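Enquirer: Starting off with a structure, shown below.
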Amino acid sequence: MNGIAVVPVPARVEPAPGVTFTLPPRAVIRSDSAAAGEALATALRPATGFALPVVERHTEPDIELRLGEPDPALADISEAPESGYEIVVESGRVVVRGRTEAGLFHGVQTLLQLFPSAVDSGTVQHGPWTVPGGRILDAPRYAYRGAMLDVSRHFFGVDALIRLVDELSRYKLNVLHLHLSDDQGWRIAVDAWPRLATVGGATQVGGGAGGCYTKAEFAALVAHAAARHVTIVPEIDMPGHTNAALSAYAQLNADGVAPGAYTGVDVGFSTLAVDREVTYDFVRDVLAEVTALTPGPYLHIGGDEAKSTSTEDYLAFMGRVQPMVTALGKTVVGWHQIGSARREPGRIVQYWGHEPEPDEDLRAALAAGDRVLLSPADRVYLDMKYDAGTRIGVDWAGHITTRTAYDWDPGTLLPGRPDVIGVEAPLWTETVATVADIDLLTFPRLAAVAEVAWSPQAARDWTSFRSRLAAQGPRWTLRGIGFHPDPEIPWV
Ligand code: ACM
């Protein structure tokens, strides 16, 4: 396993020099988990052309996926050992052990990367399908490892989201945060307020057709993600970034007049009417319906850039809305501007700054002991251009090369010792209109962020990463991902 090209890099790798395992055509997978077994077999079948039956019992399986039997050493390498796994590759068999379904699934993702890259082809390729021998022991640094897609500025159908979820899960990311509402579009059907979909969802940046997920579509996405151990975190951004809702319902506006649709890219001009009672009926209904669609623990209420809401109104609004989230049994997540508002116990503030010193809102959150999700704009904002030549993207937080996205430590980014729950890479879509645009800005930087969030700081370094990342290039090509060929990476 010397020099294995796995991303994110596992916490511990013990090579067994001279030992290899080669998948035989009649290989059998024995699995304690039908889901993990099928995840492995489904990924291996197209390129190998092998049948790869998945069975519960077998005396001599070629690959074995075992639940339980925790290796106590996992607790030494991670605070989330339950999501960890162990892989042992011997000449005659491969055993993957996970403490949980999620751990086993993560182990399967690593095993897939140990096979030659041709394994990612959708059509039958020549083997041999050989894996280097040795042992891997691995578990995540952070429990929350995410990406965000802004589906408001430009709408993307569920197929695009499913494709993204599949890629996230390959790199052991476990959250897809969806920015479901903003000035330009409302993207989730709400039965109690139907004009959100029909009027609020009717356009996007540049004036295109927009769109809105039906509840059935959203449920299908949530289920697809859950099967890959990815949690969908829904965001309804409030009280600013709300023109789409305001355009659908006049009564949500302070002057009782609905504005027109907005298809530009300005921010900070809209606000819900904070002193109207109907606003809270609206928020309560929306949050309840969104909660019913998402089994995960988090509900994101935005709270950023409310430049048209007075500070007093903002604090009053957040003081009422955060407890609604708690009452629904969800954990409040908000952009770090909610840091100054009444603190909801256990809440998470998502840091998106890029200044050397924390601003007032972040300082308040840190002082209060809020948990922190790190999305530093100058490191992991995927909408920043790589360099001046990137054909789409913005640059207000600077250019972000793959190395910039990689070379930082979430443990030391913020002063004090905040309770960091993880890292998330947001993709805002003012300039992102197609799946090819998503690919260009997301890959390869998403893989860098995945390693930042998963791997122990001591196990990773840029030189190793760039050569392991290079090996992902052919895999992305086989999977139809149009990645940015960052010139600092020695692409294979
Ligand atoms: C943000 O980028 N406005 C959170």
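Enquirer: Given the DSSP H assignment, sum -39500 (n - 2.57) over each helix run of at least 4 residues in the chain and divide by its residue total; what's the result at 222 nm in deg cm²/dmol, nearest 500? Display every interim value, and only then the final one.
Expert: Values: 16 runs with 155 residues, N = 492.
Calculated from helices alone, the mean residue ellipticity at 222 nm is -9000 deg cm²/dmol.
Enquirer: Leaving ligands and nucleic acids out of the surface, order E355, E79, E430 by accessible area at 1.4 Å, largest first. Kindly include the intermediate steps, with their values, before the conclusion.
Expert: Details: E355 110, E79 180, E430 45 Å².
So the residues, ranked largest to smallest area, are E79, E355, E430.
Enquirer: Follow-up question, since we're still on this one. Could you pull the Rg and Dmax for the stretch 55-199, using just the Cα atoms, both in Å?
Expert: Computed over the Cα atoms of the stretch 55-199, radius of gyration and Dmax are 20.0, 61 Å.
Enquirer: Next question. Would you mind computing the Rg to Rh ratio of the stretch 92-167 from its alpha-carbon coordinates, Kirkwood style for Rh? List each step's numbers first, then the result.
Expert: Numbers: Rg = 16.5 Å, Rh = 15.6 Å.
Using only Cα positions, Rg/Rh for the stretch 92-167 is 1.06.
Enquirer: For the chain, give the magnitude of the charge dipole about the Cα centre (Cβ charges: +1 Lys/Arg, -1 Asp/Glu; no others), in debye to the nearest 20.
Expert: Values: 41 positive and 60 negative charges, 259 e Å.
The dipole magnitude comes to about 1240 debye.
Enquirer: Then there's this: Binning every alpha carbon pair distance of the stretch 128-178 at 10 Å from zero, what are the percents per bin?
Expert: Histogram of Cα-Cα distances, whole percents per bin: 20, 37, 25, 15, 4.
Enquirer: Enumerate the residues in the stretch 292-322 having an amide nitrogen under 15 Å from the point lying 7 Å beyond the Cα of A219 toward its Cβ.
Expert: Inside the label zone: 292-295.
Enquirer: Just add up the charged neighbours of T123: K/R +1, D/E -1, any other residue whose Cβ is under 15 Å from the Cβ of T123. Before the final figure, lay out each step's value.
Expert: Details: positive: R45, R475, R479; negative: D120.
Local charge sum for T123: +2.
Enquirer: Can you give the FRET efficiency to the nearest 0.05 for T59 and T477, using r as the Cβ-Cβ distance and R₀ = 51 Å?
Expert: On the way: r = 40 Å, r/R0 = 0.78.
Working from the Cβ atoms, E equals 0.80.
Enquirer: Would you list S78, S310 from the most to the least accessible area, probe 1.4 Å?
Expert: Numbers: S78 10, S310 55 Å².
The most accessible residue leads, giving S310, S78.
Enquirer: Now for a different question. What is the distance, in nm, between label points placed 7 Å from the Cα along the Cα-to-Cβ direction at V124 and at R363?
Expert: 6.8 nm
Enquirer: Determine the order of T263, T59 by accessible area, beginning with the largest, at a probe radius of 1.4 Å. Don't skip to the answer; put the middle values down first.
Expert: Working: T263 55, T59 140 Å².
Sorted descending by solvent-accessible area, the residues read T59, T263.
Enquirer: Computed on alpha carbon atoms, what radius of gyration and Dmax characterise the stretch 229-300, expressed in Å?
Expert: 13.6, 45
Enquirer: If we restrict to alpha carbons, what Rg and Dmax does the stretch 325-474 come to, in Å?
Expert: Over the stretch 325-474's Cα set, Rg and Dmax evaluate to 16.4, 49 Å.
Enquirer: Below 12 angstrom from the Cβ of P61, what's the summed charge of the other residues (Lys, Arg +1; Asp, Glu -1)?
Expert: Around P61, the charge tally is 0.
Enquirer: Hey, how much of the P(r) for the stretch 1-103 falls beyond 24 Å, as a percent of Cα pairs? Don't skip to the answer; put the middle values down first.
Expert: Values: 1353 of 5253 pairs.
Of all Cα-Cα distances in the stretch 1-103, 26 percent exceed 24 Å.
Enquirer: Next up: Karplus couplings for the stretch 31-39 from phi (6.51 cos²θ - 1.76 cosθ + 1.60, θ = phi - 60°), rounded to Hz, Gly and Pro as x?
Expert: 9, 6, 10, 4, 5, 5, x, 5, 4
Enquirer: Quick check: net charge around G134, other residues with Cβ under 11 Å of its Cβ, Lys/Arg +1 and Asp/Glu -1?
Expert: Values: positive: R12, R135; negative: E14, E90.
Once all neighbours under 11 Å are counted, the net charge is 0.
Enquirer: Further question on the same structure: List, largest first, the extents of the alpha carbons of the stretch 242-388 along their principal axes, each in whole Å.
Expert: 42, 40, 32
Enquirer: Which of the trypsin sites (Lys or Arg not before Pro) found in the stretch 1-78 are in a DSSP loop and have at most 13 neighbouring Cβ atoms, other than their own, within 10 Å?
Expert: R26, R57
Enquirer: Can you list, bin by bin at 10 Å, the percent of alpha carbon pairs in the stretch 136-289, starting at 0?
Expert: Whole-percent P(r) values from 0 Å outward: 11, 39, 30, 14, 4, 1, 0.
Enquirer: Hey, if you put +1 on the Cβ of every Lys and Arg and -1 on every Asp and Glu Cβ in the stretch 160-264, which of P239, G201, A220 ends up farthest toward the positive end of that dipole?
Expert: A220
Enquirer: For the stretch 398-481, list log₁₀ I(q)/I(0) at each q in 0.11, 0.20, 0.26 Å⁻¹, using the Debye formula over Cα point scatterers of equal strength and ignoring solvent, two decimals each.
Expert: -0.35, -1.03, -1.38
Enquirer: Sticking with this structure for a sec: Could you tell me the ratio Rg/Rh of the chain? Both radii from Cα atoms, Rh via Kirkwood.
Expert: Working: Rg = 23.0 Å, Rh = 23.3 Å.
My calculation of the ratio gives 0.99.
Enquirer: Can you say what percent of the DSSP beta bridges in the chain, counting only those with both residues inside, are antiparallel? Round to 5. Intermediate results must be reported in sequence, preceding the final value.
Expert: Numbers: 18 of 62 bridges.
Here the antiparallel bridges make up roughly 30 percent for the chain.
Enquirer: Which one of T311, L104, I338 has its Cα pushed farthest toward the positive end of the charge dipole of the chain, where Lys and Arg give +1 and Asp and Glu give -1 at the Cβ?
Expert: So the residue furthest toward the plus end is L104.
The values are calculated or read from the model by the stated rules, or taken from the named source; none is laboratory data. From a predicted model like this one, the values you see are computed outputs, not experimental measurements. Every residue, glycine among them, receives a Cβ derived from its backbone with ideal geometry; neighbour counts consider all protein chains shown. Accessible surface areas use protein heavy atoms only, side chains included; no ligands, DNA or RNA. Shrake-Rupley method; radii C 1.70, N 1.55, O 1.52, S 1.80 Å.
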